[in-house]
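Have a look at the structure below before the remarks.
Bear in mind that the values in this text are calculations on the coordinates, not laboratory data. Remember, predicted model here, so these are calculated numbers, not experimental data. Note that we place each Cβ from the backbone using ideal geometry, even for glycine, and neighbour counts take in every protein chain shown.
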Amino acid sequence: MLRKVDTNGGYVFRLDSNTFPHHSIQRLIFAKAVREWVCYTGVNWSIGADTTINYSVRGPAPIGYGINYVFFTPALLPNIPSRTNPWELPCSNYNTAQLDEGDIYFNSHTDFVYDTTETDPISGPPFFLEVDFYGACLHELGHLMPLEHSRDSTSLMYYTANTGPILAFNRLTLASAGSAAAVDGGIYSVNQSIHNSDYCDGYPTMIPKNIGCVNSLGINEVKNSNTFTIYPNPSMGAFTIETDVNDYTLVITNLLGQKILIKKINTEKAEISLFKQAEGMYFIQEQYQNGTATQKLILIK
């Protein structure tokens, strides 16, 4: 289970300032991967102040405890581009464990492709071996949901999912169809953590983020000055949409791209019910005459 281990109600990642230079593309890509997991699942993750102390080695408490350290290292084997160490503490009921911290390693010898647009192909044998850094970030963060490797080669959690050769349109993200199970698993972890605080010795559980992520992956969107608010988010079925316009079409789409609701709205505040839909992530889109605006909604049961 995920628990509250900091004042923000979740987990804060600390980047190693020696191997993640300030304003570097590596830093931007890792931050983007964190944001995507937050947007798709409501997990309470954020990036805090840098550190130069190697907290990946847990010494005498409190050194190394509760610090989620992210860094590059030459210590990994050549065929391992990245690795995650999830430090778990067992609960007294022996059926549950809580995630105390998670450290992420990236191999400094790996030929990573640093591309923020996910449009570059990833090369592989017989030329040279490249690894998609953005995909690797998403993959390792998935292990902190905590998800295991998938046997499905189209899933982001497949053990070589981000290793070339990969055509540009086959690069895996959370929006990829094969990653739907990983997203559902993450939502399940967040949901279980919210509701099962008594299952692990009374430790405070993670507080989900009230998300409002715009410009969703997989949804064609025309920029528009109109914005809207969804609450509560995550939702257990019913939610409210507030906007500054009173004439638009509401379109709700699931991860498979299926439109589950199309409704004409003529008010600035609308009450919507999705109680009959399965838990997961949904795209909430307002369509206007001069464009659209989109946000993500997490449905938990």
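At a glance:
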{"item": "Cβ-based exposure ranking for Leu89, Leu15, in which fewest neighbours within 10 Å come first", "result": "Leu89, Leu15"}
{"item": "Rounded, prolate or oblate (a/c below 1.5 giving rounded, otherwise prolate when a/b exceeds b/c) for segment 136-189 by Cα gyration tensor", "result": "prolate"}
{"item": "Proxy reagent accessibility, fewest Cβ within 10 Å first, across Thr116, Thr73, Thr294", "result": "Thr116, Thr73, Thr294"}
{"item": "Per-selection metrics, segment 228-299 (Cα): Rg and Dmax in Å", "result": "11.3, 32"}
{"item": "Value of relative contact order over segment 228-299, rounded to a whole percent, pairs C-alpha under 8 Å and six or more apart", "result": "34 percent"}
{"item": "Neighbourhood charge, 9 Å Cβ-Cβ cut-off, centred on Thr173 and excluding it, Lys, Arg +1 and Asp, Glu -1", "result": "-1"}
{"item": "Loop-located chymotrypsin sites (Phe, Trp or Tyr not before Pro) in segment 253-288, at most 13 other Cβ atoms within 10 Å (DSSP)", "result": "Phe275"}
{"item": "Neighbour-count ranking [beta-carbon atoms within 10 angstrom, fewest first] of Cys39, Cys91, Cys137", "result": "Cys91, Cys39, Cys137"}
{"item": "5 angstrom amide H check on Ser150, placed H, neighbours 5+ away", "result": "Met157, Tyr158, Tyr159"}
{"item": "Cβ-based net charge around Glu130, under 10 Å, with every Lys or Arg adding one and every Asp or Glu removing one", "result": "-3"}
{"item": "Cα shape, segment 11-199, gyration tensor, a/c 1.5 rule", "result": "oblate"}
